[in-house]
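Working notes for the structure below.
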2 protein chains.
Amino acid sequence: MITDEQKKQIELENTKIAENIHPIKHRLVIFSGKGGVGKTTVSVNIAYGLHIQGYKTGILDADVTGPNVPKMIGISGGLHTEDNRIIPQESHGVKVVSMASFLSPDQAVIWRGPMRSKLLNQFLGDVVWGNLDYLIADLPPGTGDEILTMTQKMEPTMAIIVTTPQEVSLIDSARAISMAKQMNIPHIALIENMSGLLCPQCGHRIDLFGSGGGKKQAEAMAIDFLGIIPIDIQARQLADKGKPFILEKATSDISMAIMDIVKRIDAFEN
Amino acid sequence: MITDEQKKQIELENTKIAENIHPIKHRLVIFSGKGGVGKTTVSVNIAYGLHIQGYKTGILDADVTGPNVPKMIGISGGLHTEDNRIIPQESHGVKVVSMASFLSPDQAVIWRGPMRSKLLNQFLGDVVWGNLDYLIADLPPGTGDEILTMTQKMEPTMAIIVTTPQEVSLIDSARAISMAKQMNIPHIALIENMSGLLCPQCGHRIDLFGSGGGKKQAEAMAIDFLGIIPIDIQARQLADKGKPFILEKATSDISMAIMDIVKRIDAFEN
C-alpha cells in the first residue's frame, strides 16, 4: 500500500520530470529485445549524426547495470552537481549522463528494479539538460523495469528498435515492437544492424547473421523501417577506443548508412 | 513493510524451493554482463554436452523477457501441469522450462522485477525436475533482479560468465565477475566466446571481436578460465533452426571446444 505522503512525493517527482523533459521537443528511446545487437553503437552514432546536422543533442544512458556509452565516446570520470542538480558530461558537443560515471571499472550494480528506476527518474528530472533539440535514451535489452520507467516518464516521441537479421534477434525485436505499441509510443521504427559482412581480404560475403529480416519484420508489424547498417570491423575497433565512427570515418559505408537514418528520423520528427 | 503473514509465505516458498533444488547436486548459473555474447547458445550446448557425458540435465531459462532457449533447441508449445506442479518439456533427453512456453511468438512480457522473480521462484520450487545431476540456468544479461533472485534462491555451485573478447564486453563481464564474488558463489569461471573468425572462402582471419581478452581477464580477476569457443557461422544457422550444434556437428572445432569445457566443468564439480 502507498501512503498519501508517498503519493504526494511521486506527484512532485513526476511534475519535476515533466518540467525538465517537455522543453526537449524530440525524445527518442532506442531499444532491442535482445542484447548485443549494437544498440549502444547505433544510439551513439545517431546522436552524433544529429549533432552534425546542427541539433543540440544529449544521450541518456538508461542501461543501469551495463552502462557502456561513456566507454564508446571516450569519456571517463564522475558527474558534477550544482545546486543539487546533475551537470551532464560533454564529449565532442554531445551531452551525456550514465551510471558508469558513478562506478569504478569493474564495480557491479546489484540493484533491483525500484532502485534502477529511481536513478532513471533522477536522470530525467535532476539533470541540467539545457535547451536540447534531441534527447536519445539508450535502454538495456529486454522489456523490463528500465523500459517501463523510461516510456512512462520520458514520454518518448519516437521508439527505435535495433535488431540484427538473425532469427533469435527478430523474435525478441517482435516482442519489443509489441511493447512499444502497448505503451502507445507515437512513432515506432526499426533498424537492421550488423547486416552482411565482407571479408576484408577477398571480399567474400560472409553470412554471419543473415540479412533482410528487419525490413520484412517492419512491414509485417506495420512500423517504419529506417534502414540497414552493415557490419564493419573498424567500427568495433573504434568503439573499443572510444571514438564514434561517424566522427572518425565520415565517408565510410557505415557512416553513410547512419546519416541516411538520421535524415529519416529528422524528417519524421519535423 | 512486510506483514507476518507475508513473511510466513516467503519462508514456506523458500523451504519448497530448497527441497526441490537441493537434491540436484550440480547447479550452474550462466550469465554475462553484456547481451549478445552467445550466452544462450553456450548454455544449451553445455547442457547437451553434459547429457552426452551421461548426466541427467535440465535447463532453466531464466531470461523472462527474452526467453530464447526453446527456439534454440527446437521445441514449441506450452508447459503441462500435474497436481499443481509444472512438468518440464523435454528435447533430445534434456528437460527445459521457459517463459517462452507461455507466450505467443511476438508477445512482450512487460513485467517489473517482482513479477519476474515470482516466476523464477516457481521455476525453482514448482517444477518436477526429478533426479537431475545438473541444472543449468541461462540468465539474462546485466546484474539485475533475475540474477539476484537466482543466486539467492538456487544457491548455485558454480557461476560461468560468458564474454566475447571485445573490450566493451570485457568491461561488463568484469562487473558480472564482481557480482558473482559478492554473492559468494563457491566457484566462478569464464568462457571466451566468438573468438576469431575465418573467412570460409579464403581462410583469412577476420578480427571481428578480437581474441585473447577472456583468458587475461580470468587471470587478472583470479577466477578459472574454461576455454575459448571460436565463431562458427554454421552454429548460428543451426541455432536459428533449433538444432544444438553439439548434436548436429559433433566433430567440428566449436563442438570440440564445448566438450573440453564440459569436461573441465565436470572435473571441477566432481
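The values are calculated or read from the model by the stated rules, or taken from the named source; none is laboratory data. Note that the coordinates shown come from a computational prediction; the quantities given were computed from them, not determined experimentally. No Cβ is skipped: glycine too gets one built from the backbone with ideal geometry, and neighbour counts run over all protein chains shown.
Looking only at residues in the range B:124-140 that are assigned to a loop (DSSP other than H, G, I, E, B) and modelled with pLDDT of 95 or more, which one is nearest to the other protein chains (Cβ to nearest Cβ)?
B:139
Quick one: which residue in B:160, B:185 is closer than 26 Å to residue A:40 by Cα, out of contact with any helix residue (DSSP H, G or I) (no Cβ under 6 Å at 6 or more places or on another chain), modelled with pLDDT of 95 or more and among the β-branched types (Val, Ile, Thr)?
B:160
Each row is one residue, and each column tells you yes or no for (1) within 22 Å of the chain's Cα centre (by Cα); (2) surrounded by fewer than 19 Cβ atoms within 10 Å (Cβ to Cβ); (3) among the aliphatic types (A, V, I, L, M).
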position	(1), (2), (3)
A:193	yes, no, no
A:204	no, yes, no
A:211	no, no, no
A:214	yes, no, no
A:243	yes, yes, no
A:250	yes, yes, yes
A:258	yes, no, yes
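Answer yes if at least one residue in the range B:217-224 is over 17 Å from the mean Cα position of the chain (by Cα), more than 13 Å from chain A (Cβ to nearest Cβ), touching a residue at least 40 places away in the same chain (Cβ under 8 Å) and on the phi < 0 side of the Ramachandran plot, and no otherwise.
Among the residues of the range B:217-224, at least one is over 17 Å from the mean Cα position of the chain (by Cα), more than 13 Å from chain A (Cβ to nearest Cβ), touching a residue at least 40 places away in the same chain (Cβ under 8 Å) and on the phi < 0 side of the Ramachandran plot, which makes the answer yes.
Being over 25 Å from residue B:144 (Cβ atoms) and under 19 Å from the mean Cα position of the chain (by Cα) narrows it down to one of B:12, B:50, B:28, B:60, so name that one.
B:50
Would you say residue B:121 is at pLDDT below 95, more than 7 Å from every other protein chain (Cβ to nearest Cβ) and over 17 Å from residue A:64 (Cα atoms)?
Answer is no for this residue.
Residues that are closer than 18 Å to residue A:48 by Cβ, at least 2 per element: which strands (runs of 3 or more DSSP E) completely within the range A:63-107 meet that?
Correct list: A:89-91, A:94-97.
Do we have any residue at all in the range B:20-43 that's closer than 15 Å to residue B:263 by Cβ, out of contact with any strand residue (DSSP E or B) (no Cβ under 6 Å at 6 or more places or on another chain) and not small (Gly, Ala, Ser)?
The answer is no, given that none of the residues of the range B:20-43 is closer than 15 Å to residue B:263 by Cβ, out of contact with any strand residue (DSSP E or B) (no Cβ under 6 Å at 6 or more places or on another chain) and not small (Gly, Ala, Ser).
If you check residue B:178 against the conditions, is it within 20 Å of residue B:86 (Cβ to Cβ) and within 9 Å of chain A (Cβ to nearest Cβ)?
no
Of A:125, A:130, which residue is farther than 20 Å from residue A:51 by Cβ and not acidic (Asp, Glu)?
Within the list A:125, A:130, the selection yields A:125.
Restrict the check to the range B:15-35 and report whether at least one residue is more than 12 Å from chain A (Cβ to nearest Cβ), under 30 Å from residue A:106 (Cβ atoms) and of a type outside the set (A, V, I, L, M, F, W, C).
Scanning the range B:15-35, I find at least one residue that is more than 12 Å from chain A (Cβ to nearest Cβ), under 30 Å from residue A:106 (Cβ atoms) and of a type outside the set (A, V, I, L, M, F, W, C), so the answer is yes.
Would you please list the contacts, defined by Cβ atoms under 7 Å and residues six or more apart or on different chains, that run from a residue in the range B:200-213 that is more than 7 Å from chain A (Cβ to nearest Cβ) to a residue that is of a type outside the set (Asp, Glu) and in a loop (DSSP other than H, G, I, E, B)?
Once the first residue is more than 7 Å from chain A (Cβ to nearest Cβ) and sits in the range B:200-213, its partners that are of a type outside the set (Asp, Glu) and in a loop (DSSP other than H, G, I, E, B) give B:205/B:196; B:210/B:165; B:210/B:166; B:211/B:165; B:211/B:196; B:212/B:165; B:213/B:165.
Taking the range B:141-175 only, how many residues are among the hydrophobic types (A, V, I, L, M, F, W, C), within 7 Å of another protein chain (Cβ to nearest Cβ) and under 17 Å from the mean Cα position of the chain (by Cα)?
Residues in the range B:141-175 being among the hydrophobic types (A, V, I, L, M, F, W, C), within 7 Å of another protein chain (Cβ to nearest Cβ) and under 17 Å from the mean Cα position of the chain (by Cα): 1 in total.
Got a number for residues in the range A:92-108 being more than 14 Å from chain B (Cβ to nearest Cβ) and surrounded by fewer than 20 Cβ atoms within 10 Å (Cβ to Cβ)?
Count: 2.
Go through the range A:3-22 residue by residue and tally those that are closer than 16 Å to residue A:123 by Cβ and part of a loop (DSSP other than H, G, I, E, B).
Number satisfying all stated conditions: 1.
So, in the range A:123-151, of the ones that are out of contact with any helix residue (DSSP H, G or I) (no Cβ under 9 Å at 6 or more places or on another chain) and at negative phi, which residue ends up surrounded by the fewest Cβ atoms within 10 Å (Cβ to Cβ)?
Among residues in the range A:123-151 that are out of contact with any helix residue (DSSP H, G or I) (no Cβ under 9 Å at 6 or more places or on another chain) and at negative phi, the one surrounded by the fewest Cβ atoms within 10 Å (Cβ to Cβ) is A:131.
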